[in-house]
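Chemist: Just passing along the structure, written as structure tokens.
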Amino acid sequence: MSRPYDFKKIEDKWRDFWKEQKFFEPDLKSTGKKLYYLNMFPYPSGEMHVGHGRNWLIGDATCRYLIMNGFTVLNPMGFDAFGLPAENAAIDRGIHPKEWTYKNIENFKKQFREWGVVFDWRRELATCDPGYYKWNQWLFIQFYKRELAYRKASLVNWCPGCDTVLANEQVVDGACERCQSEVTKKDLTQWFFKITDYAQELLDDLDKLQHWPERVKIMQRNWIGRSEGALLRFKVEGASEEIEVFTTRPDTLYGATFMVLAPEHPLVERVTTADRKKDVGTYVKKAQSESDIKRQITDRDKTGEFLGAYIINPANGEKIPIWIADYVLLGYGTGAIMAVPAHDQRDFEFARKFDLPVVPVIQPEGEALDGATMAEAYPHDGVMINSGEFNGLPAGPETINKMVDSFEKEGYGKSEVNYRLRDWLISRQRYWGTPIPMVHCAKCGIVPVPEEDLPVLLPDVEFLGKKGLAEIPDFYETDCPKCGSPARRDTDTMDTFVDSSWYFMRYLSQDDDQKIFDSSQVNSWLPVDQYVGGIEHAILHLLYARFVTKAMRDMKLVKFDEPFIRLFTQGMITHVAFRCKEHGWIPPQDVKEKNLCPHDGQPLIQELAKMSKSKKNTIAPTKIIEEYGTDTERLYTLFMGPPEREIEWNDEGIRGGFRFLNRLWTIVQKYKDRLKNVTPAKIDGEKLNKRDKQLWHVMNEKTYAITKDFKKFHFNTSVAAVMEFNNELYDYSAACDAESHELNAPLLKQAIEQLILLVSPITPFIAEELWREIGHENAVLEESWPGYDESALERDEKTIVIQVNGKLRAQLLVPANIATDKAELEKRALQQVESRLEGKTVRKVIVVPGKLVNFVVG
RNA sequence: GCGAGAGUGGCGGAAUUGGCAGACGCGCUAGAUUUAGGAUCUAGUGUCGCAAGGCGUGUGGGUUCGAGUCCCUCCUCUCGCACCA
């Protein structure tokens, strides 16, 4: 009996099936081929859109494919549940962040179910659960004991919008990554993780990550920013102070004609002479009040002030002036530079502006540079001049080494490696995060909370507004764990990137309340075989996770150096967004008249942006699922384009996906009864007639192509191949209907079954239903992934392209054995194009066996 | 400025050890069927041309029998970094 494709009924029927059958709940002790597949866990915020869907569908389709290939697949899911947005959203809505978060988690789980995306839910975790953050605290204490966690006062990034400190990584173009407020500086005492201890290893091990996208590695390399050079010490004239500078060009020391300190440099105050104090003070103040955004504009005029003091160039004893300027950054190197205007463009511009001397110390062979008339710095190679005993040496690494050795002997320099990477600031002054498990005691100083007293619970207070732990006395009033006298808890919470830097290990022991995780199990399943997530985490999350993994290795918790073997970064889905100057962001579906605001008819600003709630340009999967079904939404999302590429959402093509599923459904309905009792038989391609053989070829070719594409995440082309396979079945069916061909039942049965299995990871609902329709009682996931017959990949007849002077002129269909016979091919090809060659001389004939014949004529 | 990636029909995109450009899908055109069509089926659909044929993968050049693919030049776009000493 033929049935219509009632996707709603079908999808409701199977929605809980895979979970109930525990296909995604592997036995961790399994001895078979095992594979840890992991999607970056989500931040549970309201509703997921089709862009999120892409991420989960890549994972779900891959895991279903892997299961059918006999892997024991671990594919867990959890929630990155702490963080500012929860708090801000909670403030807006007047409910507790906890309530809001758990409601969202429930909603996410509902959406996963709707999508047919299945995980090992036994391992679910949420970072805001005390059972999780207890181990965050435990880890913090271990870091503290190993001096990987420390507290220091520093000038930190402060976001006035979020009322908290930010890590360097969270400041983008001088603005808060989250709320876009302009970031200011504050002098605060904060907790840091000593990621710089691992800078070199984090850099070196990037080379081990052969299956990571090159661009992610490049970004990390730039972020770590290693540079080699020297540390040089200068004495302030007439004072005891010394100032150190870092330079990558110690060979230009003789050309240093002034020194520049960052305005915030601690020695500025002490070094400045009395008569310069006023001007310098004004400049420092101005520099501090200026935002990083302004200071980072590279092409603006150089500004600065002379401190009135001088410093001695240790190489030649010359007295050179000390300046401050905002082009020198406190955070890099020592916050001070030796300025060599002849060979550094920035110093050159500064020298010209303030009329400071320019002394070349390297010049191109056979050319004399004149510091007084140079138009720009000379940053290239050449011969050393004006450099005392080093004159005449070729500028380059060898001379640098020689000079640094000499400086070291003289006692004012040494070679040095400097990193741009700075320690990870993890303190946050908000409520919804992991409390830092430390107690401040007047007598004992900083004392860690004893491990048996963990977790330090977040106080369960009514959540009224922006409120940090520092405003909750019930929380911070405590006794010192060491001496028992009244003390104060640390009121900072941890950056949520701490939570996400090791969650992939906790999945293995998510309910263990005795230890952070079972090391032997973690060592047997990790590193993660395949990690998938957005490119936006290229630096932050991935660098922190790598660091924490290395620290854990040194703590003997794990045995591996890197957490993620393979990384795949999927592209975001973008959608048009409209903004009205008056009315803010306007949902695209409300914009009826092109580019005009529906409220006041004013022209709108249009942009293509990543789907986000704030820009009101999200597309909910719900509507599509209601109208066309989950399978269509899944298929279309994966069909739209290559998953690593960013893509603009456009639902005009969605009908094509729906049409295909209807065609698949219809053809199976047509033959299911006829094929039910056909006994499967091994198909021998050689014995097939021509039409059957064509189907046999296509079946095997498509199976081969789809399998190859799945391995490379090329779902768009595997969907195309599945469609082609289906189209071939229609052709075959039409041939049978026309009575020109007798149906080969065992062959057709195999083809239909194979097609269903091949499409099943992408559209699991219809596949499961059709599988039963054609008479099977087991689940698709219990079946093996279809194999292909190697011999079917070669056709008996080959199309040979015939070219004249490289242009296609004819085609030739020849048996395979002829296709490889060069002489015969040439003979046959010549017959085809003889008339064209008349009166022309054939100079050369190129014959590529199995492919083409090209006549070169003149 | 530096680094990475991309540029192919009306649209999303296929094709990479150099060998039929435009698979698959959308859209469009025509026809069939239908009371109807945002349904289904069939055929067509890069472009110019009645045709033969010409032209076509951002630009210009090169290598080659043959280039979307390799090399050089330039242009445009996207992303990352950016006064890092």
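Chemist: Any idea which residue in the stretch A:623-650 is farthest from A:GLY53 (Cα to Cα), counting only those that are of a type in the set (S, T, N, Q) and surrounded by 15 or more Cβ atoms within 10 Å (Cβ to Cβ)?
Modeler: A:THR632
Chemist: Please state which one of A:LYS613, A:LYS592 is in contact (Cβ under 8 Å) with a residue 40 or more places away in the chain, surrounded by fewer than 18 Cβ atoms within 10 Å (Cβ to Cβ) and not acidic (Asp, Glu).
Modeler: A:LYS613
Chemist: Sort out which residues of the stretch A:163-199 are within 23 Å of the chain's Cα centre (by Cα) and at positive phi, and write them in order of number.
Modeler: A:ASP173, A:GLY174, A:GLN180
Chemist: For residues that are surrounded by 18 or more Cβ atoms within 10 Å (Cβ to Cβ) and in a loop (DSSP other than H, G, I, E, B), scanning just the stretch A:26-44, find the one that is nearest to the chain's Cα centre (by Cα).
Modeler: The extreme case among them is A:MET40.
Chemist: How about the stretch A:796-823: which of its residues are charged (D, E, K, R) and either loosely packed, with under 15 Cβ neighbours inside 10 Å or modelled with pLDDT under 80 (or both)?
Modeler: Scanning the stretch A:796-823 gives A:ASP796, A:GLU797, A:LYS807, A:LYS822.
Chemist: Return yes or no: is A:ASP512 of a type outside the set (Ser, Thr, Tyr) and out of contact with any Pro (no Cβ under 7 Å at 6 or more places or on another chain)?
Modeler: Considered against the rule, which asks whether it is of a type outside the set (Ser, Thr, Tyr) and out of contact with any Pro (no Cβ under 7 Å at 6 or more places or on another chain), A:ASP512 comes out as yes.
Chemist: Follow-up. Report, by residue number, each residue of the stretch A:243-259 that is under 38 Å from the mean Cα position of the chain (by Cα) and either more than 11 Å from RNA strand B (Cβ to nearest atom) or under 24 Å from A:VAL284 (Cβ atoms) (or both). Walk me through it before giving the result.
Modeler: The first filter runs over the stretch A:243-259 and keeps only residues under 38 Å from the mean Cα position of the chain (by Cα), leaving A:244-250.
Within the stretch A:243-259, A:GLU244, A:VAL245, A:PHE246, A:THR247 meet the criteria.
Chemist: I need the full set of residues from the stretch A:614-646 which are over 22 Å from A:VAL591 (Cα atoms), of a type in the set (S, T, N, Q) and either within 12 Å of RNA strand B (Cβ to nearest atom) or at pLDDT below 90 (or both), in order please.
Modeler: Across the stretch A:614-646, the qualifying residues are A:THR632, A:THR637.
Chemist: If you don't mind, there's one more thing I want to ask. Quick one: how many residues across the stretch A:768-787 are part of a helix (DSSP H, G or I) and closer than 17 Å to A:LEU748 by Cα?
Modeler: Going through the stretch A:768-787 one residue at a time, the tally reaches 4.
Chemist: Any idea how many residues of the stretch A:377-423 are farther than 30 Å from A:GLN220 by Cα and of a type in the set (Asp, Glu)?
Modeler: 4
Chemist: Looking only at the stretch A:661-719, filter to residues that are assigned to a helix (DSSP H, G or I) and of a type in the set (Asp, Glu); which one of those is nearest to A:PRO213 (Cα to Cα)?
Modeler: First pass over the stretch A:661-719, keeping only residues assigned to a helix (DSSP H, G or I): A:661-676, A:685-687, A:690-711, A:715-719.
After this cut, where a residue has to be of a type in the set (Asp, Glu) as well, the list is A:673, A:686, A:692, A:701, A:709.
Details: A:ASP673: 49, A:GLU686: 44, A:ASP692: 43, A:GLU701: 29, A:ASP709: 18 Å.
Checking each candidate, the answer is A:ASP709.
Chemist: Give me the helices (runs of 4 or more DSSP H) completely within the stretch A:61-170, filtered to those with at least 2 residues that are surrounded by 19 or more Cβ atoms within 10 Å (Cβ to Cβ) and polar (S, T, N, Q), ordered by residue number.
Modeler: Helices (runs of 4 or more DSSP H) meeting the threshold: A:97-115, A:130-145.
Chemist: Report whether or not A:GLU462 is away from RNA strand B (no atom under 16 Å from the Cβ) and either outside any loop (DSSP other than H, G, I, E, B) or surrounded by fewer than 21 Cβ atoms within 10 Å (Cβ to Cβ) (or both).
Modeler: yes
Chemist: Would you say A:ASP129 is modelled with pLDDT of 95 or more, among the acidic types (Asp, Glu) and within 18 Å of A:PRO761 (Cβ to Cβ)? Explain how you work it out, then say what you get.
Modeler: Numbers: modelled with pLDDT of 95 or more: yes; among the acidic types (Asp, Glu): yes; within 18 Å of A:PRO761 (Cβ to Cβ): no.
Criteria not met by A:ASP129.
Chemist: A further question on this structure: Looking at the stretch A:356-449, what strands (runs of 3 or more DSSP E) fall wholly within it and have at least 2 residues that are touching a residue at least 40 places away in the same chain (Cβ under 8 Å), surrounded by 19 or more Cβ atoms within 10 Å (Cβ to Cβ) and not aromatic (Phe, Trp, Tyr)?
Modeler: A:413-419, A:438-441
Chemist: If you check every pair at least six apart or on different chains, which have Cβ atoms under 6 Å apart with a residue in the stretch A:246-266 that is under 21 Å from A:GLU305 (Cα atoms) first and a residue that is in a helix (DSSP H, G or I) second?
Modeler: Listed pairs, sorted by first residue: A:LEU261/A:VAL268; A:PRO263/A:VAL284; A:PRO263/A:ALA287.
Chemist: Pick out the one residue from A:ARG233, A:ARG221 that is surrounded by fewer than 20 Cβ atoms within 10 Å (Cβ to Cβ), within 16 Å of RNA strand B (Cβ to nearest atom), closer than 30 Å to A:GLU644 by Cβ and of a type in the set (D, E, K, R).
Modeler: The match here is A:ARG221.
Chemist: Which pairs turn up if I take residues in the stretch A:709-725 that are under 13 Å from A:PRO643 (Cα atoms) and modelled with pLDDT of 95 or more and look for partners that are of a type in the set (D, E, K, R) and more than 10 Å from RNA strand B (Cβ to nearest atom) with beta carbon separation below 6 Å, at least 6 apart in sequence or on another chain?
Modeler: Within 6 Å, no pair qualifies.
Chemist: What number of residues in the stretch A:323-337 are within 8 Å of RNA strand B (Cβ to nearest atom) and touching a helix residue (DSSP H, G or I) at 6+ places or on another chain (Cβ under 7 Å)?
Modeler: Qualifying residue count, the stretch A:323-337: 3.
Chemist: Which one of these is farther than 30 Å from A:LYS844 by Cα and touching a Pro at 6+ places or on another chain (Cβ under 9 Å): A:HIS714, A:HIS741?
Modeler: After applying the criteria, what remains is A:HIS714.
Chemist: Something else about it: Of all the residues that make up the stretch A:529-581, how many are within 16 Å of RNA strand B (Cβ to nearest atom) and part of a loop (DSSP other than H, G, I, E, B)?
Modeler: Result for the stretch A:529-581: 4.
Chemist: Okay, moving on. Can you name the condition, by its number, that A:GLY174 falls short on among (1) within 16 Å of RNA strand B (Cβ to nearest atom); (2) touching a Ser or Thr at 6+ places or on another chain (Cβ under 6 Å); (3) closer than 24 Å to A:LEU508 by Cα?
Modeler: (3) is the only condition that A:GLY174 fails.
Chemist: Continuing with the same structure: Check the stretch A:279-302 and report whether any residue there is among the basic types (Lys, Arg), away from RNA strand B (no atom under 15 Å from the Cβ) and under 23 Å from A:SER240 (Cα atoms).
Modeler: no
Chemist: Among the candidates A:PHE24, A:PHE17, A:PHE41, A:PHE71, which residue alone is closer than 30 Å to A:ILE95 by Cα and of a type outside the set (S, T, N, Q)?
Modeler: Answer to the selection: A:PHE41.
Chemist: Can you name the residue in the stretch A:177-208 that is within 30 Å of A:GLU87 (Cβ to Cβ), within 16 Å of RNA strand B (Cβ to nearest atom) and hydrophobic (A, V, I, L, M, F, W, C) and, of all such residues, is modelled with the lowest pLDDT?
Modeler: A:VAL183
Chemist: Taking A:TYR507, is it aromatic (Phe, Trp, Tyr), crowded, with 23+ Cβ neighbours inside 10 Å and outside any strand (DSSP E or B)?
Modeler: Here the answer is yes, as A:TYR507 does meet what is asked.
Chemist: Only one of (1) farther than 27 Å from A:PHE568 by Cα; (2) surrounded by 16 or more Cβ atoms within 10 Å (Cβ to Cβ); (3) within 16 Å of RNA strand B (Cβ to nearest atom) fails for A:ALA720. Which number is that?
Modeler: Every condition holds for A:ALA720 apart from (1).
For every residue, the table says whether it meets (1) among the charged types (D, E, K, R); (2) surrounded by fewer than 19 Cβ atoms within 10 Å (Cβ to Cβ).
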site	(1), (2)
A:GLU652	yes, yes
A:GLY657	no, no
A:ASP673	yes, yes
A:VAL678	no, yes
A:LYS690	yes, yes
A:ASN700	no, no
A:LYS711	yes, yes
A:GLU724	yes, yes
A:ASP731	yes, yes
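The values are calculated or read from the model by the stated rules, or taken from the named source; none is laboratory data. Bear in mind the structure is a predicted one, so any value in this text is a computation, not a measurement. Because the Cβ atoms are built from the backbone with ideal geometry, glycine has one as well, and the counts that use them run over all protein chains shown.
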